[in-house]
Amino acid sequence: MDLFANLPIYTAITTSVLIVLQIVLMGRVIAQRGKTEILIGDGGVDVMQQTIRVHGNLIENAPIFLIGLGMLELITGSSLVVLGCAVVFVVSRLLHAVGYSRVSGLSIGRFIGTVGTILSTLVMAGYLAWVAAGHL
């Protein structure tokens with residue numbers, strides 16, 4: 001009997017990668033606070049606002065994705081759909097963070113990262129709803 005057969009391994013790996021990304025982005029906010037000497041808020045400084053938003057955007061998107069991914073993996077097992085959604089989401093979040101960090105406004109990394117985040121989340125949510133409805 002395999003004790004790990006029904007555990008959400010892909011979700012666990014995805015979560016660990018996103019935790020590291022979150023810590024890196026948090027570190028960038030801390031470093032920017034040191035450079036600008038802004039300890040609370042963004043001080044109306046564009047670079048501070050941008051750094052906070054890059055971090056915040058991950059924090060806004062990752063939790064709901066991980067909850068859905070974990071539920072999907074628990075219902076379906078560690079399938080290629082789960083892995084595919086996880087890989088697209090992580091790569092998209094990396095592209096978004098890099099693209100948004102380098103330039104203000106639209107960049108190719110930010111655009112692809114945003115589209116990939118939306119598509120991977122929608123695919124995951126749609127598939128989750130479909131397989132859950134099949135268990136009613």
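Among the candidates Ile13, Ile52, Ile40, Ile59, the residue that is surrounded by fewer than 11 Cβ atoms within 10 Å (Cβ to Cβ) and of a type in the set (A, V, I, L, M) is uniquely Ile40. Determine whether region 27-36 contains at least one residue that is in a helix (DSSP H, G or I), open to solvent by 60 Å² or more (accessible area, probe 1.4 Å) and either closer than 30 Å to Ala133 by Cα or in contact (Cβ under 8 Å) with a residue 24 or more places away in the chain (or both). Looking through region 27-36, at least one residue is in a helix (DSSP H, G or I), open to solvent by 60 Å² or more (accessible area, probe 1.4 Å) and either closer than 30 Å to Ala133 by Cα or in contact (Cβ under 8 Å) with a residue 24 or more places away in the chain (or both).
As an exercise: evaluate Leu74 against (1) touching a His at 6+ places or on another chain (Cβ under 9 Å); (2) of a type in the set (A, V, I, L, M); (3) within 23 Å of Trp130 (Cα to Cα) and give the number of the one condition it does not meet. Every listed condition holds for Leu74 apart from (1).
Quick check, is Val20 under 24 Å from Leu7 (Cβ atoms) and open to solvent by 60 Å² or more (accessible area, probe 1.4 Å)? Spelling it out, Val20 is indeed under 24 Å from Leu7 (Cβ atoms) and open to solvent by 60 Å² or more (accessible area, probe 1.4 Å). Considered as a group, the residues in region 70-123 that are at pLDDT 90 or above and of a type in the set (Phe, Trp, Tyr) include one that is surrounded by the fewest Cβ atoms within 10 Å (Cβ to Cβ), and that residue is Phe111.
For the structure I just gave you, tell me whether Ser92 is without any contact (Cβ under 8 Å) to a residue 12 or more places away in the chain, closer than 30 Å to Ala133 by Cα and assigned to a helix (DSSP H, G or I). Steps first, answer last, please.
Working: without any contact (Cβ under 8 Å) to a residue 12 or more places away in the chain: no; closer than 30 Å to Ala133 by Cα: yes; assigned to a helix (DSSP H, G or I): yes.
Considered against the rule, which asks whether it is without any contact (Cβ under 8 Å) to a residue 12 or more places away in the chain, closer than 30 Å to Ala133 by Cα and assigned to a helix (DSSP H, G or I), Ser92 comes out as no.
Based on this model, can you work out whether Met48 counts as part of a helix (DSSP H, G or I), more than 23 Å from Gly70 (Cβ to Cβ) and among the hydrophobic types (A, V, I, L, M, F, W, C)?
Values: part of a helix (DSSP H, G or I): yes; more than 23 Å from Gly70 (Cβ to Cβ): yes; among the hydrophobic types (A, V, I, L, M, F, W, C): yes.
So Met48 fits the description; yes.
The values are calculated or read from the model by the stated rules, or taken from the named source; none is laboratory data. From a predicted model like this one, the values you see are computed outputs, not experimental measurements. Cβ coordinates were reconstructed from backbone atoms using ideal geometry, including for glycine residues, and neighbour counts include every protein chain displayed. The accessibility values were calculated without ligands, DNA or RNA, using every heavy atom of the protein model including side chains. Shrake-Rupley method; radii C 1.70, N 1.55, O 1.52, S 1.80 Å.
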